[in-house]
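First the structure, in the form of C-alpha cells, and then the observations on it.
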Amino acid sequence: MIGISIRANWDFEKFLNSIIDLNIDFCEIQLDNPIFKFQKHQSKAKKLIAKLYSKNLQLSFHLSFIDLNIASLDNKIRCYSSEILRKEIELIKTWKPLYVVVHTGKISETFYNIPSIKEQAHKQQIKTISELIKTSSSYSIPFAIENRQKSLTSGLIEKLSDIRYYNCIFPSLCFLLDIGHLNTFYLDSNALIEDIKLICNFPTVGIHLSNNFGKDTHGILEEGTIPYIKLFSKVQNLKNTHLIIENRSLKDTLQSLDFLYNKVIGKT
C-alpha cells in the first residue's frame with residue numbers, strides 16, 4: 001500500500017481535493033497540524049478527515065510530537081505528554097486507523113552519556129508506551145513508535161539495537177521505520193541496507209520514505225545518499241508494508257510518488 005504524509009505545516013483544506021485525486025491507498029495525518037491543536041478549528045478538521053475517509057482512502061495518524069516528550073525526566077511533562085496522546089487516540093478512533101504512530105522520546109546528549117540518567121529516561125518512556133498501548137489496544141488500533149534522527153538531542157530509539165531492546169520489553173509493540181531518519185547515522189549505504197533488512201523482521205506497520213545527504217531534510221526520493229532502487233531490490237519485503245512518502249511539500253511528494261511508481265516498485 002502506498003500513502004503520503006499530510007504534514008503539520010500543510011494547508012490541509014487547500015490541498016484536500018488534490019490529495020483525494022492522487023493514486024494512493026491511504027494518508028498518514030500529522031496531528032501537530034494547527035487545525036487539530038486549537039478547539040475552534042477542530043470541527044473543521046473532523047469534516048476534512050471525514051471527507052478523506054468517505055473517498056475510499058484509509059487513514060493513519062501521526063500523533064503530536066513537537067511539544068511533547070514521552071521520555072521526559074520531569075514526570076509532570078511525561079504525564080502531560082501521555083495524556084495528550086491518549087486524548088488524540090480517543091479523537092481519531094472513529095476513522096478506524098490503520099495505525100497510530102508516536103515519535104520516540106528524547107534526551108540531551110549530556111544526560112544521554114550518564115548511564116543512570118539514560119536508564120531513567122528509558123523507564124519513563126516504558127511507562128508512557130505501556131499507557132498508550134493500553135489505550136490503542138482498547139480500540140483495536142495498532143500502536144507504533146518511530147525511530148529518531150541524529151540531532152542535538154538523542155532519541156531513545158534510533159537504530160537497530162534500540163529497536164531490538166524495546167521489542168524484548170514489548171513484543172506487541174510495532175515500529176514505524178523512518179529510513180530518512182536512519183540514514184543520518186550511516187556513511188555506508190550498504191550498512192544501512194543490511195540494518196534495514198534486520199529491522200524489517202520486527203513488527204513493522206510502515207516505512208517513511210524520504211532522502212537526504214546525512215541530515216534529516218525530508219528530501220525527494222531521487223536526491224540523497226539512500227539508493228532506493230538498490231534498497232528495494234535487496235529488501236524485497238519492503239513492498240509488502242505501508243510505504244509513506246514523507247516530503248516537506250505536496251509538490252515534492254508528487255515527484256517522489258512518480259519516482260516510486262516508475263523507478264522503484266513499478267506501476268500498480
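Taking amide hydrogens as placed 1.01 Å from N in the peptide plane, the amide H of S60 sits under 5 Å from those of C27, E28, I29, L98, each at least 5 positions away in sequence or on another chain.
When the pairs K106/K239; K123/K215; K14/K44; K134/K239; K37/K96; K76/K123 are compared against a 19 Å limit on Cα-Cα distance, K106/K239; K123/K215; K134/K239; K37/K96 fall above it. Here the 3J(HN,Hα) profile of segment 66-83, calculated from phi with Karplus coefficients 6.51, -1.76 and 1.60 at θ = phi - 60°, is 4, 9, 10, 8, 6, 10, 4, 6, 7, 5, 5, 5, 4, 5, 4, 4, 4, 5 Hz, Gly and Pro shown as x. Near I226, the amide H atoms lying under 5 Å from its own belong to N212; only residues 5 or more places off or on other chains count, and H is placed 1.01 Å from N.
Here's the list of lysines a cross-link from K234 could span, going by alpha-carbon distance under 21 Å and ignoring same-chain residues fewer than 8 apart: K159, K197, K263, K267. Per-residue ellipticity at 222 nm, computed for the chain from helices alone with -39500 (n - 2.57) per DSSP H run of at least four residues, works out to -13000 deg cm²/dmol. How about K55: which aspartates and glutamates have a C-alpha closer than 13 Å to its C-alpha, ignoring those fewer than 8 places off in the same chain? List returned: D21, D25. Averaging the sequence gap over all C-alpha pairs within less than 8 Å and six or more residues apart, then dividing by the number of residues, gives segment 2-264 a relative contact order of 16 percent. Each label point was placed 7 Å from the Cα along the Cα-to-Cβ direction; for T94 and R164 their separation is 4.5 nm.
Would the chain count as rounded, prolate or oblate if I go by the C-alpha gyration tensor, calling it rounded below 1.5 in a/c and otherwise prolate when a/b exceeds b/c, oblate otherwise? Don't skip to the end; give the middle numbers.
On the way: a/c = 1.64, a/b = 1.08, b/c = 1.52.
It is oblate, given that a/c is not under 1.5 and a/b is not larger than b/c.
A simple rule links phi to the HN-Hα coupling: the Karplus curve 6.51 cos²θ - 1.76 cosθ + 1.60 with θ = phi - 60°, which for segment 103-118 gives 6, 4, x, 9, 8, 5, 4, 4, 6, 4, 8, 9, x, 5, 6, 4 Hz, with x for Gly and Pro.
No lab work stands behind these numbers, since they all come straight from the coordinates. If you're wondering where the values come from, they're calculated on a predicted model, not measured in any experiment. Please note: Cβ atoms are built from the backbone with ideal geometry, for glycine as well, and neighbour counts cover all protein chains shown.
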